[in-house]
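Okay, so here's the structure we're looking at.
The values are calculated or read from the model by the stated rules, or taken from the named source; none is laboratory data. This structure is a prediction, so every number in the text was calculated from the model and none was measured. For neighbour counting, all protein chains shown are included, and Cβ atoms are generated from backbone atoms with ideal geometry for every residue, glycine included. Note: accessible area is taken over every heavy atom of the protein model, side chains too, but ligands, DNA and RNA are not part of it. Shrake-Rupley method; radii C 1.70, N 1.55, O 1.52, S 1.80 Å.
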Amino acid sequence: MPDGRVACAGISSGTVGASVQVLKPSEQGSSSHAAWQWRALPGNGRFESRGCVLSHGRFDVFGGVHANHAVTSSCEALTLDAGDTRWDALPPLHAAGPGSACAAIGG
């Protein structure tokens, strides 16, 4: 992300479950990776989704599989404002499914 954080979504812990985490650098500015820390965020209830940081710095998640094994076409944008962490709905994909790829293209 533009501020140096790394977002990761759709993590499965070996069982049906999903999480979203952000890896953030040390507040003291250390470049050592040992000083970085993972922060758990509110999950979006699915796994095998794909995330992408867009050109303006927003992290969006696309598609995936819900805990009941149903594939989804839903998409959400993660907002990480000071004191506010939330998922906002975006228009769905044209086709539901896991394992897609995404990339920010252009400006």
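Counting the residues of region 67-79 that are open to solvent by less than 30 Å² (accessible area, probe 1.4 Å) and modelled with pLDDT under 85 gives 2.
Here's a check for you: in region 60-80, which residue that is polar (S, T, N, Q) and out of contact with any Gly (no Cβ under 9 Å at 6 or more places or on another chain) is farthest from R5 (Cα to Cα)?
So in region 60-80, the residues polar (S, T, N, Q) come out as 68, 72-74, 79.
Right, trim to out of contact with any Gly (no Cβ under 9 Å at 6 or more places or on another chain) and you get 68, 79.
Working: N68: 31, T79: 13 Å.
Among those that are polar (S, T, N, Q) and out of contact with any Gly (no Cβ under 9 Å at 6 or more places or on another chain), it is N68.
Only one of the listed residues (G10, G45, G64) is modelled with pLDDT of 80 or more, at positive phi and within 12 Å of the chain's Cα centre (by Cα). That residue is G64.
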